[in-house]
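Chemist: The structure that follows is given in the form of structure tokens.
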Amino acid sequence: MVRKLGLSFYERGTLEVARDLLGRTLCRRVPGGAVLRGRILEAEAYDGPEDRASHASRGPTARNAPMFEAGGIAYVYLVYGVHHCLNVVTGPRGYPAAVLLRGAESPDGAASAVGPGRLTRAFRVDRGLDGASLLGPHLWLEEGEPVPDRIVRRTPRIGVDYAGAWARKRYRFMVVG
DNA sequence: GGTGCGATTGCA
DNA sequence: GCAATCGCACCA
């Protein structure tokens, strides 16, 4: 029996959720009814208003509004005018935090979809899902198979060199192998 | 109303 | 090494 992760999974500290996302099953019901599934392999935490790498570091805007909502919804945005990025919003309402999903197994089980843009393409996620509930019919997570610490690696985040000391924090979690 | 650029990727 | 491509943050 597969279990959909509930609100209590998301309403925790961002770093804790990021680590715990590894091994969980990302599920996406596409138009037509088919469900795409794949285990999450890589995730990055963006934690609070002080985090200079976070879109929320300059206060609430139209784009980052979902980050300020309570955990359990998606935050989807377009980077470089080309790729969509999928985030899992975490923590309580008013505290801007989210986890960027950077890699997962491909739904077809073949190769892995590593890279935030590749992941959203593989799971057909776009801005139509911005703000969508992660307990709803279009996008959700299932329990999956938790990953032991010995195959988890922590590194600084990718592509945020502009963020000073925040760029060096080890907020990226990935499954090795 | 104008401008500069990004939580990336793929190809030369 | 660099183009693609556009929403949005910020300034006027």
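Chemist: Condition first: touching a Lys or Arg at 6+ places or on another chain (Cβ under 8 Å) and not aliphatic (A, V, I, L, M). Now tell me which residues in the stretch A:147-166 satisfy that.
Modeler: Of everything in the stretch A:147-166, those that are touching a Lys or Arg at 6+ places or on another chain (Cβ under 8 Å) and not aliphatic (A, V, I, L, M) turn out to be A:R154, A:T155, A:P156, A:R157, A:Y162, A:G164, A:W166.
Chemist: While we're looking at this one, here's another question. Given the structure, is A:V76 within 19 Å of A:E16 (Cβ to Cβ) and within 13 Å of DNA strand B (Cβ to nearest atom)?
Modeler: Criteria not met by A:V76.
Chemist: While we're on this one: Could you check the stretch A:72-177 for strands (runs of 3 or more DSSP E) lying wholly inside it with 3 or more residues that are at pLDDT 95 or above?
Modeler: Of the strands (runs of 3 or more DSSP E) lying wholly inside the stretch A:72-177, those with at least 3 residues that are at pLDDT 95 or above span A:74-79, A:83-89, A:97-105, A:139-142, A:152-155, A:172-175.
Chemist: If I ask for residues that are among the small types (G, A, S), crowded, with 21+ Cβ neighbours inside 10 Å and within 16 Å of DNA strand C (Cβ to nearest atom), which ones from the stretch A:27-61 would you list?
Modeler: Those that are among the small types (G, A, S), crowded, with 21+ Cβ neighbours inside 10 Å and within 16 Å of DNA strand C (Cβ to nearest atom): A:A53, A:S54, A:A56.
Chemist: Let me ask you something else. Can you tell me which residues in the stretch A:106-137 are away from DNA strand C (no atom under 16 Å from the Cβ) and crowded, with 22+ Cβ neighbours inside 10 Å?
Modeler: Result: A:A113, A:L119, A:A122, A:F123, A:L134.
Chemist: Is one or more of the residues making up the stretch A:26-46 charged (D, E, K, R), touching a Cys at 6+ places or on another chain (Cβ under 8 Å) and either touching a residue at least 40 places away in the same chain (Cβ under 8 Å) or more than 12 Å from DNA strand B (Cβ to nearest atom) (or both)?
Modeler: For the stretch A:26-46, residues charged (D, E, K, R), touching a Cys at 6+ places or on another chain (Cβ under 8 Å) and either touching a residue at least 40 places away in the same chain (Cβ under 8 Å) or more than 12 Å from DNA strand B (Cβ to nearest atom) (or both): present.
Chemist: I would also like to ask the following. Could you list, ordered by first residue, the pairs with Cβ atoms under 6 Å in which the first is in the stretch A:156-175 and on the phi < 0 side of the Ramachandran plot and the second is assigned to a loop (DSSP other than H, G, I, E, B) and among the basic types (K, R), at least 6 apart or interchain?
Modeler: A:P156/A:R170; A:A163/A:R52; A:W166/A:R52; A:Y171/A:R157; A:R172/A:R157
Chemist: So, one more: Can you tell me how many residues in the stretch A:23-63 are among the hydrophobic types (A, V, I, L, M, F, W, C), closer than 23 Å to A:S112 by Cα and in a loop (DSSP other than H, G, I, E, B)?
Modeler: 2
Chemist: Search the stretch A:75-95 for residues being within 14 Å of DNA strand C (Cβ to nearest atom) and either in contact (Cβ under 8 Å) with a residue 60 or more places away in the chain or touching a strand residue (DSSP E or B) at 6+ places or on another chain (Cβ under 8 Å) (or both), and hand back the single one that is nearest to A:G128 (Cα to Cα).
Modeler: Across the stretch A:75-95, the extreme among qualifying residues is A:V76.
The values are calculated or read from the model by the stated rules, or taken from the named source; none is laboratory data. From a predicted model like this one, the values you see are computed outputs, not experimental measurements. Heads up, the Cβs are rebuilt from the backbone with ideal geometry, glycines too, and the neighbour counts pull from every protein chain shown.
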